[in-house]
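No value in this document is a laboratory result; all are computed from the given coordinates. Treat the numbers as computed from the prediction; the structure is a model and nothing was measured. Because the Cβ atoms are built from the backbone with ideal geometry, glycine has one as well, and the counts that use them run over all protein chains shown.
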Amino acid sequence: MSHSEFVFRPSRWAPFRDRSACERVRRIGREAITRTDNDNLSIEVLPDDEIAFCRIYDIFSRIQRSDVEDRRLVLILPQPHPQYRRVAWLINRYRVDCRNLHTFNMDEWADEDGNIAPESYANGFMFAHLHNFYERIDEELRPPRDQMHGLTNRNIDSYSRLMEDLGGVDVCYGGIGFSGHIAFVDPGAPEFEGGLDTFKTLGARIVTLNPFTLAQSSLDPDFGMSGDWSSIPPKAATIGPREILSARLRSSWNSFTVAGTRVSWQRFTVRLALHGPVTPDVPASILQLAPTEAHLSESVAADITSTHDISWYS
């Protein structure tokens, strides 16, 4: 039997199972990945060794501009990431006053009962935000502490309103996850059930994490890059599609590879989110519905091709 005659349905555990759509986006090569007829969507590919710098400068330049123009800046930021230390360094180096900056963390871990991790939790996202960014800004340049928002048991029901009270979010930063998630808006989560029209209206809440997200997170440095799924909480607090789509701009940065190798769980999912159907089964596909700048590294944009002479056992 030839390879082409072996046909199967994707596993029921797969977040998205439209085989024809998967095959179509898988064939999108490096030269075609930036092409789109969607006026909402701008896609660029950056060298692997430049994309981190570009993301850092993008965030810093907006903060600097808010100081110069004396204008409020409201950002949704994903966590955790040590790159924020570089943003803080630039703020200190160029003496940028952050009085106008308001940030909202995109998500946070939660336990099986929906209790959100406190900011003292060393693997938590608010802990990372304070340690990697806020506390590294010189005291005279920092914004007031109450302008740094993270999801808590107290504010999860009013998180969206807090953003609205500030005039809305200027930029929602983020990336595309293994499951096709954006923030912790995971496919198949019972808390986000409903058709696309309903899905787009759903706000911040506690969500049950997808097995793909648990696997992805278990490879993070925070958990020893060990595949230790027992270290990953089963639930999370997250903003919803409503907050993502309400921002004036979405800025998506995608450069995940495994420990600097060519291995990437993001290469396929980015194609599915940016070039596949818009569906709650691929939550990040809502980036196609509103003004979005998507930035991909060369490794993520690379062609999806089989390499039979390399294996996990090499």
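Sorting L77, L151 on the 10 Å Cβ count, fewest up front, what's the list?
Details: L77 22, L151 27.
Going from least to most buried by this count: L77, L151.
Determine, for T198, T279, T213, T36, the number of other Cβ atoms within 10 Å of each Cβ, and report the residues in order from fewest to most.
T198, T36, T279, T213
Give me, ordered by chain and number, the residues 5 or more places off F104 or on other chains with an amide H under 5 Å from its own placed amide H.
L75, I76, L77, H149
Based on DSSP, what percent of beta bridges with both residues in the chain are antiparallel, to the nearest 5?
Here the share of antiparallel DSSP bridges comes out near 30 percent.
Once you order the gyration tensor axes a ≥ b ≥ c over the Cα atoms, which shape class does region 40-301 get: rounded for a/c under 1.5, otherwise prolate or oblate by comparing a/b with b/c?
Details: a/c = 1.29, a/b = 1.21, b/c = 1.07.
Judged from the Cα gyration tensor, region 40-301 comes out rounded (a/c under 1.5).
Collect residues whose amide H, placed 1.01 Å from N in the peptide plane, falls under 5 Å from the amide H of A294; neighbours closer than 5 in sequence don't count.
HN-HN under 5 Å from A294: S42, I43, E44, S252.
Can you work out the Karplus-derived ³J(HN,Hα) for every residue in region 97-113? Use 6.51 cos²θ - 1.76 cosθ + 1.60 with θ = phi - 60°, whole Hz, and x for glycine or proline.
Karplus values, whole Hz, x for Gly and Pro: 7, 9, 4, 8, 8, 10, 10, 10, 5, 6, 6, 6, 5, 9, 8, 5, 9.
Please give me the summed charge of the neighbours of A236: other residues whose Cβ is under 9 Å from its Cβ, Lys and Arg +1, Asp and Glu -1.
Surrounding charge for A236 is -2.
Once phi is turned into θ = phi - 60°, what whole-Hz ³J(HN,Hα) does the Karplus curve with 6.51, -1.76 and 1.60 give for every residue of region 252-268, x standing for Gly and Pro?
Each residue of region 252-268 in turn: 10, 10, 9, 8, 6, 10, 8, 6, x, 8, 7, 6, 9, 7, 9, 4, 7 Hz.
I need the phi-derived Karplus couplings for region 208-224: 6.51 cos²θ - 1.76 cosθ + 1.60, θ = phi - 60°, integer Hz, Gly and Pro marked x.
Working through the residues one at a time gives 7, 7, 6, x, 5, 5, 4, 5, 4, 5, 5, 9, 6, x, 4, 10, x Hz.
About its Cα centre, how strong a charge dipole does the chain have in debye, to the nearest 20, once Lys and Arg get +1 and Asp and Glu get -1 at the Cβ?
Here the chain has a charge dipole of around 440 debye.
Give me the tail of P(r) for region 174-314 as a percent: Cα-Cα pairs with distance above 19 Å.
Details: 5201 of 9870 pairs.
Percent of Cα pairs beyond 19 Å in region 174-314: 53.
What shape does region 1-132 have by the C-alpha gyration tensor, where a ≥ b ≥ c are the square roots of the eigenvalues, rounded means a/c under 1.5, and otherwise prolate means a/b greater than b/c and oblate the rest?
Cα axes put region 1-132 in the oblate bin.
Using Cα pairs closer than 8 Å and at least 6 residues apart in sequence, work out the relative contact order for region 59-194, in percent.
That works out to 29 percent.
Using modelled backbone amide H atoms (1.01 Å from N, in-plane), which distant-in-sequence or interchain residues come within less than 5 Å of L202's amide H?
Residues meeting the criterion, in which the H sits 1.01 Å from N, are R242.
Kindly identify region 102-153 as rounded, prolate or oblate by the Cα gyration tensor criterion: order the square roots of the eigenvalues as a ≥ b ≥ c, call it rounded if a/c is under 1.5, otherwise compare a/b with b/c, prolate if a/b is larger, else oblate. Walk me through the numbers on the way to the answer.
On the way: a/c = 3.14, a/b = 2.07, b/c = 1.51.
Since a/c reaches 1.5 and a/b is larger than b/c, the shape of region 102-153 is classed as prolate.
Given an 8 Å cut-off on Cα distances and at least 6 residues of separation, report the relative contact order of the chain as a percent.
24 percent
What ranking of V7, V278, V74 emerges when the number of other C-beta atoms within 10 Å of each C-beta is taken as an exposure proxy, fewest first?
Final ranking by Cβ density, sparse to dense: V7, V278, V74.
What percent do you get for the relative contact order of region 50-126 when only Cα pairs under 8 Å and 6+ apart count? Present the calculation step by step, with values, prior to reporting the outcome.
On the way: 84 pairs, mean separation 24.7, N = 77.
Computed over region 50-126, the figure is 32 percent.
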